[in-house]
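Novice: Questions regarding the structure given below will be posed in turn.
Read-outs throughout are calculated quantities, based only on the coordinates presented, and are distinct from any laboratory measurement. As the structure is a prediction and not an experimental result, all values here were calculated from the model. Note: ideal-geometry Cβ built from the backbone for every residue, glycine included; neighbour counts use all protein chains shown.
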Amino acid sequence: MRLAVVTIAVFAEPAAETPELTGKVVHIADGDTLTVLDADKVQHKIRLHGIDAPEKGQAFGTKAKEALAGKVHEKTVRIVWKEKDRYGRIVGDVSPNRTRI
């Protein structure tokens, strides 16, 4: 039993640090995409993880954009990265006031 515990401890890798970003929401593109300005004045395009909202020009696209704007526009948010998409946007969980969108 001790050998198993030692083996696990030796081969266990440290947990990977989850990338995070904090900034002010300065633009809402649509119901699932926004732009955040960080402390260094760098803009980052963010796509909400797990959300597929209607695009501009689609039915309810304007309502989806307005709903997202009502929750985060001009607010400071925390983004926990999941990945970058094929367009170079950060895909992540967005949280204003510690409440995940």
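Novice: May I ask you to list the residues in region 34-56 that are surrounded by fewer than 20 Cβ atoms within 10 Å (Cβ to Cβ), in contact with a Leu (Cβ under 9 Å, 6 or more places away or on another chain) and part of a strand (DSSP E or B)?
Specialist: Across region 34-56, the qualifying residues are Asp38, Gln43, His44, Lys45.
Novice: In region 77-98, what residues are surrounded by fewer than 14 Cβ atoms within 10 Å (Cβ to Cβ) and closer than 14 Å to Thr22 by Cα?
Specialist: Of everything in region 77-98, those that are surrounded by fewer than 14 Cβ atoms within 10 Å (Cβ to Cβ) and closer than 14 Å to Thr22 by Cα turn out to be Asn97, Arg98.
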